[in-house]
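Everything on this sheet refers to the single structure shown next.
Computed from the coordinates by the stated procedures, all read-outs in this text should not be read as laboratory data. The structure displayed is predicted, hence computed values, not measured ones. Using ideal geometry, Cβ is built from the backbone for each residue, glycine included, and neighbour counts are taken over all protein chains shown.
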Amino acid sequence: MRQIDIELNADENRFEITVDGHLCILEFELDGDVIHMNHVRVPKAVGGRGIAGDLTRHALDHARSQGWKVVPNCPYVARWIERHPEYQSLTG
C-alpha cells in the first residue's frame with residue numbers, strides 16, 4: 001500500500017489531501033457515533049489515480065477506530081464498501 005497523507009479537517013467536516021495543488025475531499029457529517037459520508041470530490045486534473053478510494057479507505061478506517069457506524073450517502077462510498085466486504089460491517 002502506498003503512503004498517503006490524508007488529514008482529518010474536523011472544522012470543515014472532511015477528510016482531505018492536496019495532490020499536485022488540487023484539494024481532494026471526502027465530506028461527512030457526524031451525528032453522535034454515526035458518520036454520514038456524503039460526498040467524495042477529486043478534481044479531474046488528478047482523477048484516475050485511486051485518490052477517491054484512498055480517501056474512502058482512510059475515512060472508513062478512522063470510523064472503525066472510533067467505533068462509529070457508517071451511513072454511505074455518497075454513491076461512490078456505497079459502491080466502494082460493496083466491493084470491499086471487510087468494511088461492510090461498519091454499515092450494519
Inset, instruction - Quote the FRET efficiency, to the nearest 0.05, computed for K69 versus T18 with a Förster distance R0 of 35 Å and r equal to the Cβ-Cβ distance. - result: 0.75
Inset, instruction - Any chance you could list the semi-axes, whole Å, largest first, of the equivalent ellipsoid that the Cα gyration tensor gives for the chain, using √(5λ)? - result: 20, 15, 12
Inset, instruction - Describe numerically, in nm with one decimal, the distance between label points set 7 Å from Cα along Cα→Cβ at Q88 and at D31. - result: 2.4 nm
Inset, instruction - Give me the percent of DSSP beta bridges within the chain that run antiparallel, rounded to the nearest 5. - result: 80 percent
